[in-house]
Amino acid sequence: MQIEVTADVFRLAQVFTISRGSRTEAKVLTVRITDDGVTGMGECVPYARYGETLESVTAEIKGLSGQLTREALYDLLSAGAARNAVDCALWDLEAKRSGKSAWELAGLAPLKPEITAYTLSLDTPEKMRAQAAEHSFRPLLKIKLGTPDDMPRLEAVRAGAPDSTIIVDANEGWSAEVYADLAPHLVRLGVALVEQPLPAGEDDALIGMDRPVPVCADESCHDRASLAGLKGKYDVVNIKLDKTGGLTEALALRDAALAEGYDVMVGCMVGSSLAMAPAMLVAQGAKIVDLDGPLLLAEDRDAALIFDKAGVHPPSRELWG
């Protein structure tokens, strides 16, 4: 079994800004695992928020050797980007070697398209209104916020897209006081969900607070071990494969979260269709699907995912799984 990891860069269609900064390109790692002449592929996005870099994740992956299995990865790598890319490559490898699709291997029903959110970058209210108007044909818009001055942005986006469902991602950028002040306005403006309003280390403040709009754990939820710390704070968990450490744990987290009464959102980092493809297995029937990474790119993989009025479609066998 041979493991190859390469760094790839995809240009963004426009500057993408969240409360932590801006970017003009998506930097990803592509993993190829070859065994008996068959190659499986996976992609990850190292995330500085979790202390990951392209170099550190590459080193983790290159440190692996021998015949790998998805089960053994739990003992070799912790949850995060490195395990994600390797785990997804092993799923793809197994699908190709068996002649079965990944959804069959996972014991799922045939995959269907899912309506995905489209993310509006953090900007001035005027520019966010223009973004919203440009994409007002989309049924679900996600707004990047996370500053003390977000009310004008919320008003502007709603004015630009009066008929779209809106979800808000604060990226840990609010204090408890800011969130409490904004909450009634989220209701007034028809916001359907708010992601991670408070920093992960300060979210105990959510206990006992009114949640008139469902609150989703993102940075506070990585894998199944996170669930115990979410009680009384959150209504929804955002499952991202780069946090869970791959499709294997993402599927297990989805089942565990649903069993504990949480709704599920399936999200992504800014990556290519190869990163979104395995997440489609987790996204089936989710309350919120946010797999718009390829829509933010100026270029994508060959055999890229199809996005249309039905949503994001399952991957072709040429792409993954």
| said: Step by step: first the residues of region 17-27, then only those that are more than 15 Å from Asp300 (Cβ to Cβ) and in contact with a strand residue (DSSP E or B) (Cβ under 9 Å, 6 or more places away or on another chain), then the one that is surrounded by the most Cβ atoms within 10 Å (Cβ to Cβ). Which residue is that? | reply: Ile18
| query | Which condition breaks for Thr39 when tested against (1) assigned to a strand (DSSP E or B); (2) among the β-branched types (Val, Ile, Thr); (3) open to solvent by less than 40 Å² (accessible area, probe 1.4 Å); (4) farther than 23 Å from Gly173 by Cβ? | reply | (3)
| Within region 47-63, is there a residue that is without any contact (Cβ under 8 Å) to a residue 40 or more places away in the chain, among the charged types (D, E, K, R) and either open to solvent by less than 60 Å² (accessible area, probe 1.4 Å) or touching a strand residue (DSSP E or B) at 6+ places or on another chain (Cβ under 7 Å) (or both)? | yes
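Part of a helix (DSSP H, G or I), out of contact with any Ser or Thr (no Cβ under 6 Å at 6 or more places or on another chain) and not aliphatic (A, V, I, L, M): does that describe Lys233?
The answer is no for Lys233.
Which of the residues belonging to region 265-278 are open to solvent by less than 10 Å² (accessible area, probe 1.4 Å), over 19 Å from Leu141 (Cα atoms) and either among the hydrophobic types (A, V, I, L, M, F, W, C) or at pLDDT below 95 (or both)?
Applying the first criterion (open to solvent by less than 10 Å² (accessible area, probe 1.4 Å)) to region 265-278 yields 265-267, 271-274, 276-278.
Remaining after also requiring over 19 Å from Leu141 (Cα atoms): 272-274, 277-278.
Those that are open to solvent by less than 10 Å² (accessible area, probe 1.4 Å), over 19 Å from Leu141 (Cα atoms) and either among the hydrophobic types (A, V, I, L, M, F, W, C) or at pLDDT below 95 (or both): Leu274, Ala277.
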| task | Show the residue pairs that are 6+ apart or on different chains and have beta-carbon atoms under 8 Å apart, the first residue being within region 69-97 and assigned to a loop (DSSP other than H, G, I, E, B), the second being of a type in the set (Ser, Thr, Tyr) and open to solvent by 10 Å² or more (accessible area, probe 1.4 Å). | result | Gly80/Tyr50
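Yes/no per residue for (1) of a type in the set (A, V, I, L, M, F, W, C); (2) on the phi < 0 side of the Ramachandran plot; (3) crowded, with 16+ Cβ neighbours inside 10 Å:
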{"residue": "Ala200", "(1), (2), (3)": "yes, yes, yes"}
{"residue": "Asp210", "(1), (2), (3)": "no, yes, no"}
{"residue": "Val213", "(1), (2), (3)": "yes, yes, yes"}
{"residue": "Asp223", "(1), (2), (3)": "no, yes, yes"}
{"residue": "Ser226", "(1), (2), (3)": "no, yes, yes"}
{"residue": "Gly229", "(1), (2), (3)": "no, yes, no"}
| query | Would you say Trp174 is under 22 Å from Gly293 (Cβ atoms), in contact with a Gly (Cβ under 7 Å, 6 or more places away or on another chain) and crowded, with 22+ Cβ neighbours inside 10 Å? | reply | no
| task | Considering each residue of region 174-190, count those that are closer than 12 Å to Glu155 by Cα and small (Gly, Ala, Ser), and give that number. | result | 1
| query | Do we have any residue at all in region 247-257 that's under 19 Å from Leu291 (Cβ atoms), touching a residue at least 12 places away in the same chain (Cβ under 8 Å), open to solvent by 10 Å² or more (accessible area, probe 1.4 Å) and touching a Pro at 6+ places or on another chain (Cβ under 9 Å)? | reply | no
| note | Scanning region 123-154 for residues that are assigned to a loop (DSSP other than H, G, I, E, B) and in contact (Cβ under 8 Å) with a residue 40 or more places away in the chain gives Asp123, Leu145, Gly146, Thr147
| task | State which residue is nearest to Leu296 (Cα to Cα) when the search covers only region 136-151 and only residues that are at pLDDT 95 or above and open to solvent by 20 Å² or more (accessible area, probe 1.4 Å). | result | Arg138
| request: Among the numbered conditions (1) under 23 Å from Arg20 (Cα atoms); (2) touching a helix residue (DSSP H, G or I) at 6+ places or on another chain (Cβ under 8 Å); (3) open to solvent by less than 30 Å² (accessible area, probe 1.4 Å), tell me where Glu195 comes up short. | output: (2)
| Can you find even one residue in region 253-274 that is of a type in the set (Ser, Thr, Tyr) and in contact with a Lys or Arg (Cβ under 6 Å, 6 or more places away or on another chain)? | yes
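The values are calculated or read from the model by the stated rules, or taken from the named source; none is laboratory data. Everything numeric in this text was worked out from a predicted model, so none of it was measured. Cβ atoms come from the backbone with ideal geometry, glycine included; neighbour counts cover every protein chain shown. The area values use the complete protein model at the heavy-atom level, side chains included, leaving out ligands, DNA and RNA. Shrake-Rupley method; radii C 1.70, N 1.55, O 1.52, S 1.80 Å.
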